Each structure stands twice: as C-alpha cells, then as structure tokens.
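Trainee: Pasting a structure below so you can have a look.
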Amino acid sequence: MKTKSKQRLKKLLLPSSGILALFVTVMFFFLSSSVSFAPTKLIAESEHSKSRSIGFAQKGLMSDDELSATNAQSFLTIDTLTGADKHGSQDAFRVNINLRAEVNLYQASSKWGYYNNGTNTDWDTNAEAYYFGQENKITPLIITGGRVEMGFDNIADPTKRKLNYLEISTPDLYGPVSATFVRMTALVVNASTGSNNGVLYRVTAAQSYRRTQTFEHIPLGFLFAAKYDYTPIDKATVVPIRGVFTKMPQSTFN
C-alpha cells in the first residue's frame, strides 16, 4: 500500500538535524586528531595533556617492525546490501562507523522535511527544546556504532543515477531524548495515534506536548526517503514511503 502522506522530499540533508550535527561533530574530532599520516603512532600517555583535541595519533610514520607488532581495529567498513535490505533500490550500501560517543546536545528548534503539497505547507518533524541526553546535562546519551546507508537506482549510469534514500542511524542507543514535538513523523512498533498499519506515527500541533523517550540499547535513525520500501519488524506487509522520518523500529512513541 502506498502511504499517501503529504511529505515531499525537498532536501536530503538539513543543517538543523540533530543527528547530523552529532555525527559531523564526532567525525570532526576523529579526523582532526590525525593529519593524513598513515599508519601513525599512537600518542603516548604522557602527551595527552598536550594534545589539542581528543586525538589519538601523532605525526610520524610507523616503521615496518612497529606496524607488524600493532593490533588495530578498522574505523570504517562498507557493506553491500542484498535482498530486502535494499528497501526497493537496485543498489544499496552501508558505511559502518566504529565509534562510541557520550553526548549532551541541545537545540532550541529542529525542523526537517519541509513540504508544500499545493494546499498546505508544513514540516515532517518540528521539535522545540530538543535534548539528546538528560536535560540536566548530567546523564549523557550514549551512542555505540554509527551507520550511513544509501540506496540507488542506475548507479553505474551518471545520466540516470538516482539516490532513493539516505539513512543515518546507530544500532545501539542508550539514554534519554526529550523534546516538545509540534509535529513528528516516525516509523515505530505498534503505533497508536495517527498510525497506519502500525507503521507510521504522526504528532500534530493539536497533540503537542513535552515527551521523553528513553532508549535501552536499541536502534535510532533518521531517514530521508524519496523511495523506500519499509517492512516493520512485526508486520509482513511492505509499505512504500517517502518523506523524512524518525526511525525507531524497536520502540513505541506514545
């Protein structure tokens, strides 16, 4: 069944998105810690106090003997997705980011997915006083692992290539997220108000109030989709969707 929502995807990336700001910040710190020397020596404990950031590497190439004696773990891996994991795209890829971050992030206003259907204009998500982590800034939101997933059609043909969706997510989120949701469009389990076959959850201005969602080591993602076949974990029916969604496939939002 085609979900006949009013959303029309205008932009894939919006600078106001909290999760984008979060991943950009983490990537900035990691990338700024090394200055394109690879492989590099690990920073000595005595040098940590002198470092400018959370950097783990010093300038200087490792010798062959040093390199052979070093055990390391890759920061990035890339998977080619198959079957239903491609969500209706001809080709789909996932970049896995090996990270762990503790975050306290605040946004006064966060709006994603502006649309104009010829009659109404609105946002897929419109949130105020958005906190990633506890509002008292004592308890952080803990992110373990990051993913950036993309689905394409005609990827080998530059004249026909089309990006169908972009999903930015983590497979393991722990801690609270709070906001006053003026409007929200989400993919959740067992949706109640505004549900569509237990898939979509829509908060309208009339339902707006402060909400806190506490995550217990479960996935959270932000999906920007022009074409995306979504199958809920508790349903067999594939639901084609488009728009900007908060994706909480193992969580309710009431």
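Trainee: Could you figure out which of (1) surrounded by fewer than 19 Cβ atoms within 10 Å (Cβ to Cβ); (2) modelled with pLDDT of 80 or more; (3) closer than 28 Å to Ile138 by Cβ isn't true of Val238?
Mentor: (3)
Trainee: Hey, can you tell me all the residues within the range 107-138 that are farther than 23 Å from Gln207 by Cβ and surrounded by 14 or more Cβ atoms within 10 Å (Cβ to Cβ)?
Mentor: Gly133, Gln134
Trainee: Checking the structure you have, find out if any residue of the range 78-101 is part of a strand (DSSP E or B), over 16 Å from Phe224 (Cβ atoms) and small (Gly, Ala, Ser).
Mentor: Yes, the conditions are met somewhere in the range 78-101.
Trainee: Mind checking which residues of the range 41-100 are among the small types (Gly, Ala, Ser), touching a strand residue (DSSP E or B) at 6+ places or on another chain (Cβ under 7 Å) and modelled with pLDDT under 80?
Mentor: Ala57, Gly60, Ser74 - these are the residues of the range 41-100 that are among the small types (Gly, Ala, Ser), touching a strand residue (DSSP E or B) at 6+ places or on another chain (Cβ under 7 Å) and modelled with pLDDT under 80.
Trainee: From (1) under 18 Å from the mean Cα position of the chain (by Cα); (2) of a type in the set (Val, Ile, Thr); (3) at pLDDT 90 or above, pick out the condition that doesn't hold for Thr214.
Mentor: (3)
The values are calculated or read from the model by the stated rules, or taken from the named source; none is laboratory data. The model shown is predicted, which means the values in this text are computed figures rather than measured ones. Methodologically, a virtual Cβ is constructed for each residue, glycine included, from the backbone with ideal geometry; neighbour enumeration extends over all protein chains shown.
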